[in-house]
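Have a look at the structure below before the remarks.
Here, each number is a calculation from the coordinates, and none is a lab measurement. It should be emphasised that the depicted structure is a prediction, and the values quoted were computed from it without experimental measurement. Note that each Cβ is placed from the backbone with ideal geometry, even for glycine, and that neighbours are counted across all protein chains shown.
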Amino acid sequence: MFDHERVIIERGRRSGLPIVVAVHSTSLGQAIGGCRFAEYPDWRDALTDALRLSAAMSDKSALAGLPNGGGKTVVAGPPEARTEALLDAGDLIASLGGTYATGPDVGTGPDDMRLISTRTPHVFCRPRSEGGSGDSSVHTAIGVIAALRAVCAERFGTPDLSARSFALLGVGHVGAHLAEALLDAGATLTVSDVDPSRRVEGAKWVTPDECLTADADVLIPAALGGLLTPAVVPRLRCAAIAGPANNQLDDPGTALDLHRAGILWAPDVVVSAGGIIHAVGQELLHLSPAGIDARLAGIEERLTEIFHDARAAAITPAEAARRRALALIAAGADRPASPRR
Ligand code: PHE
């Protein structure tokens, strides 16, 4: 079923690269979602990624209680044409007239948002020195820690992280903050990254495959998505999975495979919401730092409720989250459009 409001794919005027902007839903307000810059074997793969990632953003915004819908930008190309491609993306986003605003994602950061802002005002997370909310990775990590507390309470009967072991797959911006927070909490940590320079002192370093299949209480996917497949599930030795990577399941049906294998999977759309909570909280809702912290901490309660819903209805947490998001989005569709940024 095609349920996106609008999808534009264009060959960038400056870069010649394929640029996709997918607006999935504006039922709750302006669609938001980051700008991904990555190489794909084929432009159709970039389109597929944009479609899936933008739909997930609708659920993420709704479940985070934000007055926003979901969208995503994907720029497919080699890093050489980066500046031109991001300016092209800015023009395309500008043409949408504020129905969609972008932000950082895999392969982009605050400096790229500044560049995009020369073409459109509809961009979050410009550098702090320029009045934006800057890098949101530390806030994403704070949200993940809140989620891990809910996961440990559900799976092990206590939210205390100190007694637990974690396998962290991916030590990028968010992963590095997570490693620090988990070690500070006294947890046992195994880490891995494709980049060998990202070793973490105090943690055991293993290969990505060893990390994925590590005998740990909780696996934390913090790199690219699509890692949880029906073929991988029988190899997993963790009791639960929760992390900030977007679209961790290769297919929604894999949630059931995990459930049947006795592995608690926390929906990534809930776990990874810290970044948008911070960016929207600061730039759009003008919340105080304490107000933003309260909303980040709220991820623990939100996830706990979803686990309860799932148990009560004998469904997976993924399905429980989906139902909640759909109800929130449907309620929003009945309302007059909320003011846009
Ligand atoms: N990469 C962010 C996410 O997936 C996207 C984003 C961050 C969008 C901040 C807007 C503002 O949630």
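Scanning the stretch 16-57 for residues that are of a type in the set (Val, Ile, Thr) and touching a strand residue (DSSP E or B) at 6+ places or on another chain (Cβ under 6 Å) gives 19, 20, 21, 23, 26, 32.
Residues in the stretch 20-34 that are within 14 Å of the ligand (Cβ to nearest atom) and in contact with a Pro (Cβ under 7 Å, 6 or more places away or on another chain): how many? Write out each step before concluding.
Step one: list which residues in the stretch 20-34 are within 14 Å of the ligand (Cβ to nearest atom), which gives 21-24, 29-34.
Narrowing further to those that are in contact with a Pro (Cβ under 7 Å, 6 or more places away or on another chain): 29, 34.
Within the stretch 20-34, residues that are within 14 Å of the ligand (Cβ to nearest atom) and in contact with a Pro (Cβ under 7 Å, 6 or more places away or on another chain) number 2.
For residue 86, are the conditions met, namely being surrounded by fewer than 23 Cβ atoms within 10 Å (Cβ to Cβ), away from the ligand (no atom under 14 Å from the Cβ) and within 21 Å of residue 14 (Cβ to Cβ)?
Values: surrounded by fewer than 23 Cβ atoms within 10 Å (Cβ to Cβ): no; away from the ligand (no atom under 14 Å from the Cβ): yes; within 21 Å of residue 14 (Cβ to Cβ): yes.
Judged against the criteria, residue 86 is not a match.
(1) without any contact (Cβ under 8 Å) to a residue 40 or more places away in the chain; (2) within 16 Å of the ligand (Cβ to nearest atom); (3) not charged (D, E, K, R): which one isn't true of residue 41, the others all being true? The failed condition is (2).
Scanning the stretch 126-143 for residues that are crowded, with 19+ Cβ neighbours inside 10 Å, under 19 Å from residue 115 (Cα atoms) and polar (S, T, N, Q) yields a total of 2. Flag: residue 55 matches the condition of being within 15 Å of the ligand (Cβ to nearest atom) and either surrounded by fewer than 23 Cβ atoms within 10 Å (Cβ to Cβ) or under 17 Å from the mean Cα position of the chain (by Cα) (or both). Taking the numbered list (1) in contact (Cβ under 8 Å) with a residue 40 or more places away in the chain; (2) closer than 22 Å to residue 282 by Cβ; (3) within 14 Å of the ligand (Cβ to nearest atom) in turn, residue 74 passes all entries but (2).
Would the stretch 253-264 turn up any residue that is within 16 Å of the ligand (Cβ to nearest atom) and not in a helix (DSSP H, G or I)? Scanning the stretch 253-264, I find no residue that is within 16 Å of the ligand (Cβ to nearest atom) and not in a helix (DSSP H, G or I), so the answer is no.
Pairs linking a residue in the stretch 308-321 that is in contact (Cβ under 8 Å) with a residue 60 or more places away in the chain to a residue that is of a type in the set (Phe, Trp, Tyr) and surrounded by 19 or more Cβ atoms within 10 Å (Cβ to Cβ), with Cβ atoms under 8 Å and 6 or more positions apart or on different chains, are 316/265; 317/265; 317/307; 318/265.
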